[in-house]
Each structure stands twice: as C-alpha cells, then as structure tokens.
1. Checking residue 17 against (1) surrounded by 13 or more Cβ atoms within 10 Å (Cβ to Cβ); (2) under 20 Å from residue 105 (Cβ atoms), only one condition comes out false. Which one?
2. Answer yes or no as to whether residue 16 is within 26 Å of residue 99 (Cβ to Cβ) and at pLDDT 95 or above.
3. What is the one condition in (1) exposed (fewer than 14 other Cβ atoms within 10 Å of the Cβ); (2) in contact with a helix residue (DSSP H, G or I) (Cβ under 9 Å, 6 or more places away or on another chain); (3) under 21 Å from residue 125 (Cβ atoms); (4) free of Cβ contacts under 8 Å to residues at least 24 places away in the same chain that residue 45 does not satisfy?
4. Does residue 59 count as free of Cβ contacts under 8 Å to residues at least 60 places away in the same chain and either surrounded by 14 or more Cβ atoms within 10 Å (Cβ to Cβ) or closer than 22 Å to residue 137 by Cβ (or both)?
5. Does residue 98 satisfy being modelled with pLDDT of 95 or more, under 30 Å from residue 2 (Cβ atoms), touching a helix residue (DSSP H, G or I) at 6+ places or on another chain (Cβ under 9 Å) and part of a loop (DSSP other than H, G, I, E, B)?
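The values are calculated or read from the model by the stated rules, or taken from the named source; none is laboratory data. As the structure is a computational prediction, the values presented were derived from the model and not from experiment. In this analysis, Cβ positions are derived from the backbone assuming ideal geometry, glycine residues included, and neighbour counts consider all displayed protein chains.
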C-alpha cells in the first residue's frame, strides 16, 4: 500500500554534512520517492505543535532548543510501506542499540541529537505532513 511519511533531517544531520548521505539512502529504496523537500530553520510554534505530546517531559525544552537552533531538512517520502520502512532505515533512537546500516547505527552519537525523525504511524504521518507541508495534506 502506498503511503506518505514526514521525515526531518535534524540540525545535527545538517551541521555534520550528512544530508546527501541520508537523502541518498532514502532515494535508493526501490519504489520510494521524495515528493516535497525544504531546508528551513524550524520556529518554536511549529515545534510546539509537532512535539505537543512531549510537553511537560524533562527533555521537551532542550528538544525545542536543539530543533530550533539551526536548519533542518523537512521532507515527505512516498512509497510502499514507507512509514514502517523509514522507521527501520532510521533505526532506534539510541545509536548504540541501532543496527549497522541504519542511519542512527552508522552516524548517531547521542540519544537526544539523533539525526532524523520519521513518523511512527500513518495517523502521525498525516498529522505531521499537515504541520510541515499543509498543501500536501490529505493527498494520496
């Protein structure tokens, strides 16, 4: 089933020059394609909406500061089982637990600055695409 998912290449991925490597991994997945892409410094209002479920947790404020501190790349990827597949490609949040071959397994250094965000479900993907790319919301 064709799906869409939101992917964020976080400031650490941009700052470390890993954008091309990560985009290449996404583009090499058979049947996946990037349908939207933008380099931007994320504003706090957008981040508060995006990370609303984490409000009140100890990592919430440092996460907002990290994510708004320098540019990120926001993109929408479309393809067969792309939500599940992109999560596998990203790897677990903890880079020590992430398998070699995953983005975090190959390039991750710390849990909090973990290079990439990928929607965790189709429902989350729809919500997140609406936040970052409202003109694509609701499109197949």
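1. (1)
2. Here the answer is yes, as residue 16 does meet what is asked.
3. Result: residue 45 passes all but (2).
4. Against the criterion (free of Cβ contacts under 8 Å to residues at least 60 places away in the same chain and either surrounded by 14 or more Cβ atoms within 10 Å (Cβ to Cβ) or closer than 22 Å to residue 137 by Cβ (or both)), residue 59 does not qualify.
5. Against the criterion (modelled with pLDDT of 95 or more, under 30 Å from residue 2 (Cβ atoms), touching a helix residue (DSSP H, G or I) at 6+ places or on another chain (Cβ under 9 Å) and part of a loop (DSSP other than H, G, I, E, B)), residue 98 qualifies.
Matching residues to (1) in contact (Cβ under 8 Å) with a residue 40 or more places away in the chain; (2) surrounded by fewer than 20 Cβ atoms within 10 Å (Cβ to Cβ); (3) over 28 Å from residue 1 (Cβ atoms):
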position	(1), (2), (3)
74	yes, no, no
77	yes, no, no
84	no, yes, no
120	no, yes, no
136	yes, yes, no
